[in-house]
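The structure appears right after this line, and notes come after that.
The values are calculated or read from the model by the stated rules, or taken from the named source; none is laboratory data. As the structure is a prediction and not an experimental result, all values here were calculated from the model. In this analysis, Cβ positions are derived from the backbone assuming ideal geometry, glycine residues included, and neighbour counts consider all displayed protein chains.
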Ligand code: ATP
């Protein structure tokens with residue numbers, strides 16, 4: 001009997017940085033109104049989806065090895081990748097069978113870089129290919145938004161203005177490539193806990209004013225000009241005071257980055273990852289080397305942005 005080995009689909013999905021993260025007031029539905037500029041960077045998760053008899057999720061480090069930092073990633077129905085399979089199946093109906101999902105994590109877990117959202121986006125893009133579905137971009141983006149506020153951007157990639165919970169996206173003009181150094185912190189910060197901390201800080205604001213980001217116009221102008229120095233001056237994250245209040249050692253990380261010569265440093269989303277903007281690729285390598293020597297981060301990487309959203313990878317060519 002001829003046995004056919006099911007062929008996997010491999011999808012690469014990027015981490016995100018928020019170049020501008022303006023957090024408005026708490027809405028009645030428990031979310032905050034956001035104005036944010038998302039920027040996809042070349043730190044990626046690689047997700048392999050293979051037809052299988054039963055659903056499984058496995059998670060490894062980028063080289064396929066186990067890593068203790070991954071222990072908190074659930075391998076059951078609470079994993080966003082698992083939820084993405086269910087959401088797409090519920091949307092399209094039909095009997096497509098089960099899949100084994102294996103995730104090689106290059107994006108820090110609970111690091112404020114939307115790693116879970118990247119995996120969910122990867123699964124959506126991968127299953128469209130595997131199941132040969134005719135699902136349009138907007139339709140897929142709607143399913144993505146049901147999974148999480150950052151998932152539509154993880155699908156789309158590039159640079160985009162996000163409003164609402166962050167799920168309503170408008171592409172923005174961005175010229176050239178920006179060069180980043182990523183300082184991966186030990187441990188995690190829970191996104192809901194960081195938002196709660198911000199609410200607490202704002203409630204006690206009379207003693208110490210908490211800056212609000214205002215509009216994203218300065219970031220959009222810098223992106224359109226492709227000017228890293230202008231962008232460095234415009235970076236702002238309303239969640240940063242809350243992340244620093246919960247993890248005071250991040251102040252040292254931010255200081256070390258600017259002392260190492262970065263144009264600017266900022267906490268990524270809800271943290272604890274810190275990102276540093278550099279003038280060019282050589283500059284990023286120098287800053288990364290110096291920052292590594294300071295011992296203020298679990299790992300230091302360089303990355304560029306913008307990069308595309310979740311994309312099926314041709315395994316032969318690797319791209
Ligand atoms: P957010 O997107 O909420 O800002 P984050 O980027 O800080 O989150 P994630 O890496 O997405 O962090 O993980 C947040 C939590 O989500 C983890 O602690 C983990 O328990 C859970 N989680 C569920 N699915 C995944 C996944 N595929 N990868 C990583 N974490 C996941």
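Worth a mention:
- Among (1) within 16 Å of the ligand (Cβ to nearest atom); (2) on the phi > 0 side of the Ramachandran plot - the single one residue 214 does not satisfy: (1)
- Qualifying residue in the stretch 156-171 (condition: in a helix (DSSP H, G or I) and within 13 Å of the ligand (Cβ to nearest atom)): no
- Scan of the stretch 94-109 for residues that are buried (at least 20 other Cβ atoms within 10 Å of the Cβ) and under 20 Å from the mean Cα position of the chain (by Cα), ordered by number: 101, 103, 105, 106, 107, 108
- Meets criteria (within 13 Å of the ligand (Cβ to nearest atom) and either over 19 Å from the mean Cα position of the chain (by Cα) or under 23 Å from residue 242 (Cβ atoms) (or both)) for residue 59: no
- Here the condition is being out of contact with any strand residue (DSSP E or B) (no Cβ under 9 Å at 6 or more places or on another chain), under 19 Å from residue 161 (Cα atoms), touching a residue at least 24 places away in the same chain (Cβ under 8 Å) and surrounded by 13 or more Cβ atoms within 10 Å (Cβ to Cβ); of 234, 225, 213, it holds for 225 alone.
- Any chance residue 69 is part of a helix (DSSP H, G or I), under 24 Å from residue 247 (Cα atoms) and within 11 Å of the ligand (Cβ to nearest atom): yes
- Looking across the stretch 98-118, the residues that are over 20 Å from residue 275 (Cβ atoms) and either within 13 Å of the ligand (Cβ to nearest atom) or modelled with pLDDT under 95 (or both) come down to 101, 102, 103, 104.
- Total residues in the stretch 120-131 satisfying the condition of being part of a helix (DSSP H, G or I) and more than 16 Å from the ligand (Cβ to nearest atom): the figure is 3.
- The stretch 75-93 - residue that is modelled with pLDDT of 95 or more, part of a loop (DSSP other than H, G, I, E, B) and more than 8 Å from the ligand (Cβ to nearest atom) and, of those, surrounded by the fewest Cβ atoms within 10 Å (Cβ to Cβ): 76
- Residue list for the stretch 13-27, restricted to those being modelled with pLDDT of 90 or more and over 21 Å from residue 219 (Cα atoms): 13
- Verdict on residue 32 being within 27 Å of residue 198 (Cα to Cα) and at pLDDT below 95: yes
- Contact annotation: residue pairs with Cβ atoms under 8 Å, 6 or more positions apart or on different chains, pairing a residue in the stretch 66-90 that is free of Cβ contacts under 8 Å to residues at least 60 places away in the same chain and farther than 13 Å from residue 147 by Cβ with a partner that is assigned to a loop (DSSP other than H, G, I, E, B) and near the ligand (Cβ under 8 Å from one of its atoms), are 67/105; 70/105; 70/109; 73/79; 73/105; 73/109.
- Residue list for the stretch 132-155, filter: part of a loop (DSSP other than H, G, I, E, B), touching a strand residue (DSSP E or B) at 6+ places or on another chain (Cβ under 9 Å) and surrounded by fewer than 23 Cβ atoms within 10 Å (Cβ to Cβ): 149
- For residue 202: the one exception among (1) in contact with a strand residue (DSSP E or B) (Cβ under 8 Å, 6 or more places away or on another chain); (2) surrounded by 14 or more Cβ atoms within 10 Å (Cβ to Cβ): (1)
- Checking the stated criteria, residue 304 turns out to be within 18 Å of the chain's Cα centre (by Cα), surrounded by fewer than 18 Cβ atoms within 10 Å (Cβ to Cβ), in contact (Cβ under 8 Å) with a residue 60 or more places away in the chain and under 23 Å from residue 153 (Cβ atoms).
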